[in-house]
Amino acid sequence: MADNTNLSLTVEAWAKIVVERWENKITMLRIHHSGNLAKSFAVHIFTQANGDPAKIEFAFNYYGKFVDMGVGNGVTMDQVGGSNRKAKPWYSRTFFSQVKRLSEIISENLVTRAQLTILTNVEAFNASGNKINQPTATTSGRSNNGSVDSITGKQKVSYKEFEQNRKKNGW
């Protein structure tokens with residue numbers, strides 16, 4: 001995912017992974033007897049005008065949080081230790097470890113974007129600090145400075161200069 005510079009696609013893939021991990025945890029902890037919790041998972045990604053994600057919203061049946069904490073059906077948080085009801089932590093640890101992973105992925109993504117921006121916009125300077133005119137591949141014909149070929153980077157000459165050099169050198 002880190003090689004992808006499209007942040008929206010990266011976040012969508014991450015959200016799918018989170019839901020898959022939750023489903024695996026639910027199955028492993030045998031919370032799936034009715035299947036309603038796993039069927040209730042929904043993800044919505046809110047994006048900014050430029051397409052970058054601004055907010056990620058996960059939704060599922062509310063009772064899933066009670067199962068995660070081991071409460072409900074008359075058992076409060078204070079009574080969990082003394083009851084036969086056990087917490088089945090499918091949500092919290094999985095989610096927060098994945099949020100940490102998302103922050104790492106986004107950091108890598110933004111670093112890659114920054115590197116690409118720098119590489120495409122960098123200007124070269126010589127040891128004295130003077131700007132070096134570099135050819136650009138996007139310019140055809142004469143370059144902006146009029147003397148460097150945009151493809152080869154070699155000094156350009158006019159047809160007249162070419163003919164003079166050809167006759168002078170005997171070719």
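The values are calculated or read from the model by the stated rules, or taken from the named source; none is laboratory data. From a predicted model like this one, the values you see are computed outputs, not experimental measurements. Methodologically, a virtual Cβ is constructed for each residue, glycine included, from the backbone with ideal geometry; neighbour enumeration extends over all protein chains shown.
Quick notes on this one:
- Near pairs, Cβ below 7 angstrom, 6+ apart or cross-chain, from region 20-49 (in a helix (DSSP H, G or I)) to any residue that is of a type in the set (D, E, K, R): 38/23
- Under the condition of being buried (at least 16 other Cβ atoms within 10 Å of the Cβ) and in a loop (DSSP other than H, G, I, E, B), the residues counted in region 65-103 number 6.
- The one condition from (1) at pLDDT below 90; (2) under 20 Å from residue 110 (Cβ atoms) that residue 35 does not meet is (2).
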